[in-house]
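Enquirer: Could you have a look at this structure, given as structure tokens, before my questions?
The values are calculated or read from the model by the stated rules, or taken from the named source; none is laboratory data. Remember, predicted model here, so these are calculated numbers, not experimental data. Backbone-built Cβ (ideal geometry, glycine too); neighbour counts: all protein chains shown.
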Amino acid sequence: MQFNDSHNQSTVKANNRSLILKAVNAFGEISRADLARLTGLTKTSVTKIVKSLIKKGILVETGIQKSQFGRKPILLKINNNSYFSIGLYISRDFIYTNAANLGGQLIYKEKRSLSKHLSMKNLKSHIKSSIDNILAHEKLPKDKVLGIGVASIGPLDLANGIILNPPNFKGLKSIPVVDFLQNEYGLPAVLDNDMNAAALAEKLFGHAKECKDFIYVGVTNGIGAGIVLDNSLFRGHNGFAGEIGHISIDMNGEKCACGNTGCLELYANIPGIVEKIQISTELGYHSSLTGQDRITWESIVHAANENDSLAAGSVEKLAYYLSIGLVSLINSFDPEIIFLGHEIALAKDIILHPLQQFINQSYLSRYSKKIKLTISKFGQNAPNIGAPSLVLNNFFNGEM
Ligand SMILES: [Zn+2]
């Protein structure tokens, strides 16, 4: 019983600290009185918690709130550079490493290409040397690093911190990334998929600070979603929620590596579009891209922005396929807003309008409410901000 009591007390303490930290993060600058009002904590509790957070250097007092009448309270804000998190984003072809401060601002980033014939040993040595580089960075005090967040392609075993067997990932399987990092650096390490990580970044530092229920959808080699319900990430029972790339949109379609048939991401993935356009230009299609040495997603988006019909047509087709997946999400989860990020964010000027139109024609509740669709604050960089956010999210939840 004694154990339970002290355990409960420390949980209450952590929860209260989390309420304060989240409120200060959401508002940017806020007074103690407003903190008490917003969190429902007593003024005495707020004063006590704030005092200890100031002592730890996490909160600082700042200017005085502009007010016409009465006493002018002192405002509090997060001392962004008091602590840091390291982020590692593992995609199919690259690893990105970075460090971010408590404000989600990146202070360093590094990108490495992964070769076609990557061994487990090579991968670990890439990870280790890039994190060593970050830890050697002059602006990153080692004793202020809270942990390492790993945003990775899936599927993942979240409970054991293992990257299981991502399709087309050099044949690598069962990568015990969390154990590896904890053993190498003695720091807490957190693993989640890149879509969930990007959703957390949007919630903590992006346009979703005040959204309770929203979905982040990333389109790159594949398609996935990070679903936030009632302010928390919804991972599902086994951590596989949000795999919208594997919603079937054609029962008679191609067989997918997942075992299903006609999966959305077979029709709507960025390398697939690049390849199709490459073939069309080789066949002599009239397009500003014809004759270009190397066609990339960037060059397709550029051409589509300039009204090139081949490029614009393929972006519109992508919007159509994607809308089918988004409508399923809307009908299943009833979100307030959907954010798009990862590589698709590059096409922001041309994709939102057709996508919104396709969606507006087909979701069930369209007569009673409008679904907002926009680009993530971090655009294609969202998974990179997402990786360190996995640790920062635990910090703001009072778990560190
Ligand atoms: Zn599939």
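Enquirer: With the requirement that a residue be farther than 23 Å from residue 209 by Cα, polar (S, T, N, Q) and part of a loop (DSSP other than H, G, I, E, B), what does the stretch 68-119 give you?
Expert: Selection gives 68, 91, 115, 119.
Enquirer: Right, next: Tally time: how many residues in the stretch 284-304 are surrounded by fewer than 16 Cβ atoms within 10 Å (Cβ to Cβ) and in contact (Cβ under 8 Å) with a residue 24 or more places away in the chain?
Expert: The qualifying residues number 3.
Enquirer: Also, I was wondering about something else. As an exercise: evaluate residue 383 against (1) free of Cβ contacts under 8 Å to residues at least 24 places away in the same chain; (2) under 24 Å from residue 109 (Cα atoms) and give the number of the one condition it does not meet.
Expert: For residue 383, the exception is condition (1).
Enquirer: List the residue pairs whose Cβ atoms are under 6 Å apart, where the first residue sits in the stretch 344-366 and is in the same structural domain as residue 313 (by TED's automatic domain parsing), the second is among the aromatic types (Phe, Trp, Tyr) and surrounded by fewer than 18 Cβ atoms within 10 Å (Cβ to Cβ), and the two are 6 or more positions apart or on different chains.
Expert: Final answer for the pair search is 358/320.
Enquirer: Further question on the same structure: On the given criteria, is residue 322 in a helix (DSSP H, G or I) and either within 16 Å of the ligand (Cβ to nearest atom) or in contact with a strand residue (DSSP E or B) (Cβ under 7 Å, 6 or more places away or on another chain) (or both)? Can you show your working first?
Expert: Values: in a helix (DSSP H, G or I): yes; either within 16 Å of the ligand (Cβ to nearest atom) or in contact with a strand residue (DSSP E or B) (Cβ under 7 Å, 6 or more places away or on another chain) (or both): yes.
Yes.
Enquirer: If only one of 85, 130 is touching a helix residue (DSSP H, G or I) at 6+ places or on another chain (Cβ under 7 Å) and in contact (Cβ under 8 Å) with a residue 24 or more places away in the chain, which one is it? Write out each step before concluding.
Expert: On the way: 130 fails: touching a helix residue (DSSP H, G or I) at 6+ places or on another chain (Cβ under 7 Å).
It is 85.
Enquirer: What number goes with the only condition from (1) crowded, with 16+ Cβ neighbours inside 10 Å; (2) within 21 Å of the chain's Cα centre (by Cα); (3) among the acidic types (Asp, Glu) that residue 399 does not pass?
Expert: Going through the list (1) crowded, with 16+ Cβ neighbours inside 10 Å; (2) within 21 Å of the chain's Cα centre (by Cα); (3) among the acidic types (Asp, Glu), residue 399 breaks only (1).
Enquirer: (1) acidic (Asp, Glu); (2) within 14 Å of the ligand (Cβ to nearest atom); (3) assigned to a helix (DSSP H, G or I): which one isn't true of residue 250, the others all being true?
Expert: (3)
Enquirer: For the stretch 232-240, state whether one or more residues are closer than 25 Å to residue 312 by Cα and in contact (Cβ under 8 Å) with a residue 12 or more places away in the chain.
Expert: We begin by selecting, within the stretch 232-240, every residue closer than 25 Å to residue 312 by Cα; these are none.
No: zero hits.
Enquirer: Every residue in the stretch 265-278 that is touching a strand residue (DSSP E or B) at 6+ places or on another chain (Cβ under 8 Å) and within 8 Å of the ligand (Cβ to nearest atom), please. Break it down stepwise before answering.
Expert: We begin by selecting, within the stretch 265-278, every residue touching a strand residue (DSSP E or B) at 6+ places or on another chain (Cβ under 8 Å); these are 265, 268-270.
Once the filter is applied, which keeps residues that are touching a strand residue (DSSP E or B) at 6+ places or on another chain (Cβ under 8 Å) and within 8 Å of the ligand (Cβ to nearest atom), the stretch 265-278 yields only 265.
Enquirer: Taking the stretch 323-376 only, how many residues are touching an Asp or Glu at 6+ places or on another chain (Cβ under 6 Å) and surrounded by fewer than 20 Cβ atoms within 10 Å (Cβ to Cβ)?
Expert: Keep residues of the stretch 323-376 that are touching an Asp or Glu at 6+ places or on another chain (Cβ under 6 Å), which gives 335-336, 339, 354, 376.
Then keep just the ones that are surrounded by fewer than 20 Cβ atoms within 10 Å (Cβ to Cβ); that gives 336, 354.
Residues in the stretch 323-376 being touching an Asp or Glu at 6+ places or on another chain (Cβ under 6 Å) and surrounded by fewer than 20 Cβ atoms within 10 Å (Cβ to Cβ): 2 in total.
Enquirer: Output the number of residues of the stretch 95-113 satisfying the condition of being closer than 14 Å to residue 153 by Cα and either at pLDDT below 95 or of a type in the set (Lys, Arg) (or both). Working first, answer last.
Expert: Let us first name the residues in the stretch 95-113 that are closer than 14 Å to residue 153 by Cα, namely 95-96.
Going one step further and asking which of them are either at pLDDT below 95 or of a type in the set (Lys, Arg) (or both), we end up with none.
Residues meeting the conditions: 0.
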